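Comments concern the structure below.
The values are calculated or read from the model by the stated rules, or taken from the named source; none is laboratory data. These numbers come from a predicted model, not from an experiment. We place every Cβ from the backbone using ideal geometry, glycine too, and count neighbours over all the protein chains shown.
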Amino acid sequence: MAKSSLTDLYSTTSGDDREISLRDEFLGTFAGTGIEISKSRECVIRRMRLDADGKKIRCDCVSSVTQEADKESLCPICLAEGYLWDEVEDECYRMMLTPKESSFPAGLSNTPTVIFYMRHSTIIGNDDKVVELVLDTTGNAVRPFQRKGIFRVQHVETYRLDEARIEYLKIWTYREDVKHLNI
């Protein structure tokens, strides 16, 4: 009987000995390949505008006394965000972790952590936000966009493989309680 190695179990039919492309697998899961359906959904990234020093640019609605936006009235420019921003369409996969007691800027809270998986080419930082959109019955975003929830980014994690290229992003967020989602 001939000896077999463990590599025989994972050999490829094309004779290619490289490992699988996690990026291609991730993109295939997003887009849906073969018999799989697409797992991604449309979302929006709210990118904060930054000045030359890398600081967020305040909206004109911010009070000079309190240094905060008026949360009760709706500023048509920043939607009571307090800073100027641009929204960019993207795709994501959303997953919610079990709520645990967590410490956030305002203190202890029982807010669930929501994780968004995004493509390797997505540009997002810790000052930005992920906006969940209302979907129609076919799973596409309602047009014009209707915001369903806004999620503050806590941490952006890049996943890399042996070739050191970014395969996908894992974005840890929590939902913000905002009064005005839409104009």
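Among the residues of region 143-164, those that are loosely packed, with under 13 Cβ neighbours inside 10 Å and not in a strand (DSSP E or B) comprise R143, P144, Q146, D162, E163, A164. Scanning region 79-100 for residues that are more than 14 Å from C43 (Cα to Cα) and at pLDDT 90 or above returns G82, Y83, L84, W85.
Of everything in region 149-183 that is of a type in the set (F, W, Y) and under 13 Å from V130 (Cα atoms), the residue that is farthest from the chain's Cα centre (by Cα) is Y174. For region 101-120, filtered to residues that are surrounded by 10 or more Cβ atoms within 10 Å (Cβ to Cβ) and assigned to a loop (DSSP other than H, G, I, E, B), the residue that is modelled with the lowest pLDDT is T111. For region 22-55, the tally of residues that are assigned to a strand (DSSP E or B) and more than 18 Å from I150 (Cα to Cα) stands at 1. Taken over region 153-172, the criterion of being modelled with pLDDT of 95 or more and within 20 Å of G82 (Cα to Cα) is satisfied by V153 alone. Looking only at region 121-142, count every residue that is surrounded by fewer than 17 Cβ atoms within 10 Å (Cβ to Cβ) and charged (D, E, K, R) and tell me the total. Final tally of qualifying residues: 1.
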